[in-house]
1. Of the numbered conditions (1) hydrophobic (A, V, I, L, M, F, W, C); (2) within 16 Å of Tyr126 (Cβ to Cβ); (3) surrounded by 21 or more Cβ atoms within 10 Å (Cβ to Cβ), Trp43 fails exactly one; give the number of that condition.
2. Restricted to region 129-151, and to residues that are small (Gly, Ala, Ser) and within 17 Å of Lys27 (Cβ to Cβ), which residue is nearest to the chain's Cα centre (by Cα)?
3. Just checking, which of Ser96, Ser89 is in contact (Cβ under 8 Å) with a residue 60 or more places away in the chain and among the small types (Gly, Ala, Ser)?
4. Does Glu118 count as open to solvent by 70 Å² or more (accessible area, probe 1.4 Å), closer than 23 Å to Ser34 by Cα and acidic (Asp, Glu)?
5. List every residue pair whose Cβ atoms lie under 8 Å apart, where the two residues are 6 or more positions apart in sequence or sit on different chains, the first residue falls within region 37-60 and is closer than 16 Å to Met8 by Cα, and the second residue, located anywhere, is surrounded by 14 or more Cβ atoms within 10 Å (Cβ to Cβ) and of a type in the set (Asp, Glu).
6. Please name all residue pairs, on different chains or six or more residues apart, with Cβ atoms under 9 Å, provided the first residue is in region 1-22 and is within 14 Å of Phe33 (Cα to Cα) and the second residue is open to solvent by 10 Å² or more (accessible area, probe 1.4 Å) and assigned to a helix (DSSP H, G or I).
7. Consider only pairs whose beta carbons are under 6 Å apart and that are at least six residues apart or on different chains; among these, list those whose first residue lies in region 65-84 and is more than 9 Å from Ala38 (Cβ to Cβ) and whose second residue is assigned to a loop (DSSP other than H, G, I, E, B) and open to solvent by less than 30 Å² (accessible area, probe 1.4 Å).
8. Quick test for you: out of Ser58, Ser37, Ser65, pick the one residue that is over 20 Å from Ser131 (Cα atoms) and either outside any loop (DSSP other than H, G, I, E, B) or polar (S, T, N, Q) (or both).
Amino acid sequence: MKKTKILMVCLGNICRSPLAEGILRQKLDPKRFSVHSAGTGGWHVGDPPDQRSIDIASQKGLDISNQKAQQFKLEFFDEFDLIYAMDQSNFNDLQSLARNSVDQEKLHLLLDALFPGEDADVPDPYYGGPSGFVNIYDLIDRACEVISSQL
């Protein structure tokens, strides 16, 4: 059986998408699904997630410390079945890279799972304090719960 491959995408792949990767991975059967993450920007390639993301994940029983940031590549449209953007800006960047309607159909805004049609963003917590990471963890967790139940 072919695994469904899912990609979570944010800007730098150190805050939101590593959390989304870890959260959704925990909710899905690893025999049937694989979950990864990437950023539209390349500033943090090879870096672990932001320590604040690692900390909130750890508090919730998830270890995301072994993840390494990578930049989104065009080939990911061929490699992944579903691609979830954390916000409208990254969604638009991915749409502009899409080569055809098949690529376009793989793209989704993560929070559409919770707020269909509202184009809601997972706020970027990078420049805020730790409470921002608590808030986005809960938001991502709720969205991933809906997505996992739909899959």
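The values are calculated or read from the model by the stated rules, or taken from the named source; none is laboratory data. Note that the structure is a prediction, hence the values are computed from the model and not measured. Backbone-built Cβ (ideal geometry, glycine too); neighbour counts: all protein chains shown. Accessible surface areas use protein heavy atoms only, side chains included; no ligands, DNA or RNA. Shrake-Rupley method; radii C 1.70, N 1.55, O 1.52, S 1.80 Å.
1. (3)
2. That would be Ala143.
3. Ser89
4. In short, no.
5. Qualifying pairs under 8 Å: Ser37/Glu21; Thr40/Asp93.
6. Going by the 9 Å Cβ cut-off, the qualifying pairs are Lys5/Glu79; Ile6/Glu21; Ile6/Arg25; Leu7/Glu21; Leu7/Phe76; Leu7/Glu79; Leu7/Lys106; Met8/Glu21.
7. Every condition considered, the pairs that remain are Gln67/Pro49.
8. Ser37
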